[in-house]
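Inspection log for the structure reproduced underneath, given as structure tokens.
The values are calculated or read from the model by the stated rules, or taken from the named source; none is laboratory data. None of the values given here were measured: they were computed from a predicted structure. Ideal geometry is used to build each Cβ from the backbone, glycine not excepted, and the neighbour counts take in all protein chains shown. Remember, those area values only see protein heavy atoms, side chains included, never the ligands or the DNA or RNA. Shrake-Rupley method; radii C 1.70, N 1.55, O 1.52, S 1.80 Å.
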Amino acid sequence: MNKNLTHWSNYWKDGNLTSLPQDFLENYDGEIEKFWNNTFSKVPVNGQVLDLCTGNGAIALLAVAYSENNEANLKVTAVDAAKVKIANLSIKHAHLNDYFQKINLISDCRVEEIQLASNSFDIITSQYGIEYCDWELSAKQVARLLKPDGQLVFISHANSTDIMTYMIQEQNEYNAIKEAGLFTALARYFDKNSSYKEMNRALKKTQKVLIKIYQQNKSILLKGLLDFLHYIVSVDKKVFLANENKVLSFYHQHLFAFARLEDVIGVSLKIKHSPNWYLAFEKSGLKLEDSGEVLQSGVHKAGIYYKFLKPSKT
Ligand SMILES: C[S@@+](CC[C@H](N)C(=O)[O-])C[C@H]1O[C@@H](n2cnc3c(N)ncnc32)[C@H](O)[C@@H]1O
């Protein structure tokens, strides 16, 4: 698992609300939203909610929306190890500003290192999140942070989802792009280990390799990269230098997208190889009450949900 979270910080900085922007224009909706609304309906009206690995606060935001729409008074805290801030959210979702302001968002904080008071939350939630943490340490934290009779409810990645199949395809394309030398050529140039001329020559070689791959796999990702490569290698040096920042940002965007894919796929495979991973929460004293699939649009497996209870006497 990738411990350096720059790839997530960078993603949240762009104002994305969920980790699946291709599937959800705004926040999680449909069955996932229903699942969370149903979950929040069972929390005491003045309940304390903690969302772990919150990213830009998608589930925290659903908790606030539920509270506002149902005359509840949930107090919502959200934690992520990446750098996240409310201001990032306003970039693409200014109309949700009032809701964002109600979230106590704690950035740059690993679940394993949360310092919040023990026995203080009625419910701890997570979506595509807690499986990214150290399972034993985060299970101990959850057991410590929950009030007696409090609940841990999370949705983890499911294996064999359509999302995963798509991601693995994209990962293969990124691997081919990496092998063709694109990232190395740009990294060497931007780290000042190669001249403009050397970079240009290396990129022309990369371009040839990628054109061949594109002839067999006409993917959107390869097309976008080839268009960009064509631009970089064909403009003259002056124009390139004037646009160097744009090239750097394009390079970073792809590098981080690749790292996020590796992270998501890595975690999903880790779960696949340890199907009983969730028992770490039972070992920490919680009791598994329910588990099952969460669908999206009635057919796609969006994830697996787990509901644990912290018994009042452990
Ligand atoms: C796939 S994203 C999910 C974000 C959000 N829950 C969502 O559904 O949109 C996983 C998140 O887990 C965070 N993360 C990974 N390891 C973590 C840890 N040990 N403690 C806290 N957050 C972590 C990452 O920074 C990233 O934002």
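Tabulated values for the structure
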{"quantity": "Residue in region 174-185 that is closer than 30 Å to ILE32 by Cα and outside any loop (DSSP other than H, G, I, E, B) present", "calculated": "yes"}
{"quantity": "Total residues in region 3-20, condition open to solvent by less than 60 Å² (accessible area, probe 1.4 Å) and in a loop (DSSP other than H, G, I, E, B)", "calculated": "7"}
{"quantity": "Within region 65-100, tally of residues that are within 21 Å of the chain's Cα centre (by Cα), open to solvent by 70 Å² or more (accessible area, probe 1.4 Å) and away from the ligand (no atom under 14 Å from the Cβ)", "calculated": "1"}
{"quantity": "Flag for ASN56 being assigned by TED's automatic domain parsing to the domain that holds ASP149, over 23 Å from GLU170 (Cα atoms) and either more than 14 Å from the ligand (Cβ to nearest atom) or without any contact (Cβ under 8 Å) to a residue 24 or more places away in the chain (or both)", "calculated": "no"}
{"quantity": "Any hit, region 127-137, residues being more than 16 Å from the ligand (Cβ to nearest atom) and hydroxyl-bearing (Ser, Thr, Tyr)", "calculated": "no"}
{"quantity": "Members of region 203-235 found to be over 20 Å from ALA257 (Cβ atoms) and small (Gly, Ala, Ser), listed by number", "calculated": "SER234"}
{"quantity": "Count - residues of region 261-299 that are assigned to a helix (DSSP H, G or I) and not aromatic (Phe, Trp, Tyr)", "calculated": "17"}
{"quantity": "Failed condition for SER194, given (1) assigned to a helix (DSSP H, G or I); (2) open to solvent by less than 80 Å² (accessible area, probe 1.4 Å)", "calculated": "(1)"}
{"quantity": "Lone qualifier among SER297, SER268 - being within 15 Å of the ligand (Cβ to nearest atom) and among the small types (Gly, Ala, Ser)", "calculated": "SER268"}
{"quantity": "Failed condition for ILE32, given (1) surrounded by fewer than 18 Cβ atoms within 10 Å (Cβ to Cβ); (2) over 20 Å from ASP149 (Cα atoms)", "calculated": "(1)"}
{"quantity": "Some residue of region 121-140 being farther than 26 Å from LYS270 by Cβ, without any contact (Cβ under 8 Å) to a residue 60 or more places away in the chain and open to solvent by less than 70 Å² (accessible area, probe 1.4 Å)", "calculated": "no"}
{"quantity": "Conditions (1) away from the ligand (no atom under 12 Å from the Cβ); (2) part of a helix (DSSP H, G or I); (3) surrounded by fewer than 17 Cβ atoms within 10 Å (Cβ to Cβ); number of the one not met by ALA143", "calculated": "(3)"}
{"quantity": "Looking only at region 212-256, and only at residues there that are among the β-branched types (Val, Ile, Thr) and either part of a helix (DSSP H, G or I) or under 24 Å from the mean Cα position of the chain (by Cα) (or both), the one that is surrounded by the most Cβ atoms within 10 Å (Cβ to Cβ)", "calculated": "ILE232"}
